[in-house]
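One structure, as structure tokens, below. Some questions next.
The values are calculated or read from the model by the stated rules, or taken from the named source; none is laboratory data. Keep in mind that what you see is a predicted model, and the values were worked out from it rather than measured. With ideal geometry, Cβ positions are generated from the backbone for all residues, glycine too; neighbour counts draw on all protein chains shown. Protein only, heavy atoms only, side chains kept; ligands, DNA and RNA dropped before computing areas. Shrake-Rupley method; radii C 1.70, N 1.55, O 1.52, S 1.80 Å.
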Amino acid sequence: MLILLALAILPSVLLMLYIYKKDPIPEPVPVMRRAFIYGMVSCIPIIIVELFLMPFISIFGENVIGTTMKAFLGAALPEESFKLLALWLILRNNPYYDEHYDGIVYSVCVGLGFATVENIGYVLENGVGTALARAFLAVPLHYACAVLMGYYYSVYHFVDRSERVKWSILLVPILVHGIYDTFAFIASIHPGVSSVIMMVLILFCVKLHQYCKKQIDKQLAKDDQDRQFREEDWEESQFT
């Protein structure tokens, strides 16, 4: 039991350490911990909404349409919506939210808080095989969606207040999450093509994480540039 619990929690811990270590000016650990707890608590309304929606979604049956509806409406939409609510609660009056990369940091804490609770449930029920599979697919998927949500949240907060960016905060993670779950659900109900679909899913995840790394590097570069400008302005002010 303890080994399974450790396997369920470890992927989230490693991903949070990765995102924390990349921050030149790390966020306060207590605030990050609170964001993680908000993500864990978001499981409660998410489960309620998903249980409410599933009887309606099940009408479509176990086919491509039904699987897609289940992936987008039964999983991606409620999960990403409540994670965004948790992120907003963390950032709305957060004095430490003063750089672009901070949005990604707090969003990842929220996303992995949810992912940890979800992962514990699956791993304790299904064992080591599920723990290993989810460590390389499902948990990193929640991480990637959180990176994208945090990226667009910061773009909207600091740079571009357009409607396109505002809706991207929610819709981009929903799209990514929905595509992933659609492939995963189809693989689970059609064993004959599961190997091919899993290869496509793995390729999708690799490309997704490459894209997320670019967004992380972009925000870090922007923050570094802003710090340099502030230092230059301060130096100039000393001579005027």
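Carbon and sulfur atoms: what percent of the 1.4 Å accessible area of the chain do they account for? Don't skip to the answer; put the middle values down first.
On the way: 8860 of 12720 Å².
Looking at the chain in its full context, I get 70 percent from C and S.
Considering only the other residues whose Cβ falls under 15 Å of the Cβ of Leu124, what net charge follows from Lys and Arg at +1 and Asp and Glu at -1? The partial results should precede the final answer.
Values: positive: Arg134; negative: Glu118, Glu125.
Result for the neighbourhood of Leu124: -1.
For segment 103-240, what is the charge dipole size about the Cα centre, in debye to the nearest 20, if Lys and Arg each add +1 at the Cβ and Asp and Glu each add -1 at the Cβ?
The calculation lands at about 580 debye.
So what is the accessible area of segment 99-240 per residue, in Å², with the probe set to 1.4 Å?
Values: 6980 Å² over 142 residues.
Using a 1.4 Å probe on heavy atoms only, each residue of segment 99-240 averages 49 Å².
How big is segment 38-82 in terms of Cα radius of gyration and Dmax, in angstroms?
Rg, Dmax (Cα atoms, Å): 11.0, 35.
Right, next: State whether the chain is rounded, prolate or oblate according to the following rule on the C-alpha gyration tensor (a ≥ b ≥ c being the square roots of its eigenvalues): a/c under 1.5 gives rounded; otherwise a/b larger than b/c gives prolate, and the remaining case gives oblate. Spell out each step's value before the answer.
Numbers: a/c = 2.03, a/b = 1.82, b/c = 1.11.
The shape class here is prolate.
Here is a follow-up. Within the chain, how many Lys pairs sit with Cα atoms under 21 Å apart, leaving out pairs fewer than 8 places apart on the same chain?
18
Tell me, what ³J(HN,Hα) does each residue in segment 219-229 have, in order and in whole Hz, if you take phi through Karplus 6.51 cos²θ - 1.76 cosθ + 1.60 with θ = phi - 60° and put x for Gly and Pro?
5, 5, 5, 5, 5, 5, 5, 5, 5, 5, 4
What number, in percent, do you get for the relative contact order of the chain if the mean sequence gap of Cα pairs under 8 Å and at least 6 apart is divided by its residue count?
Relative contact order here is 26 percent.
Applying the Karplus parametrisation 6.51 cos²θ - 1.76 cosθ + 1.60 with θ = phi - 60° to the phi angles of segment 187-192, what ³J(HN,Hα) value in whole Hz is obtained for each residue in order, glycine and proline being reported as x?
Karplus values, whole Hz, x for Gly and Pro: 4, 6, 9, 10, x, x.
Over all distinct Cα pairs, what is the inverse of the mean 1/r for segment 39-179, reported as the Kirkwood hydrodynamic radius in Å? Walk me through the intermediate numbers first.
Details: mean 1/r = 0.0636 Å⁻¹.
Its Kirkwood hydrodynamic radius stands at 15.7 Å.
Continuing with this model, one more query. What 222 nm value per residue comes from the helices of the chain, counting each DSSP H run with n ≥ 4 as -39,500 (n - 2.57) and dividing by all residues, nearest 500 deg cm²/dmol? Each step should come with its number before you reach the end.
Values: 10 runs with 195 residues, N = 240.
Roughly -28000 deg cm²/dmol at 222 nm, from the helical runs in the chain.
Ok, one more. Not counting ligands, DNA or RNA, and with a 1.4 Å probe, what is Tyr96's accessible surface area in Å² rounded to the nearest 10?
110 Å²
To continue, here is another question. For His177, His190, write out the residues from largest to smallest accessible area, computed with a 1.4 angstrom probe and no ligands counted. Don't skip to the answer; put the middle values down first.
Values: His177 5, His190 75 Å².
From most accessible down to least: His190, His177.
Please give the solvent-accessible surface of Phe82 in Å², to the nearest 10, using a probe radius of 1.4 Å with every protein chain present.
The value for Phe82 is about 60 Å².
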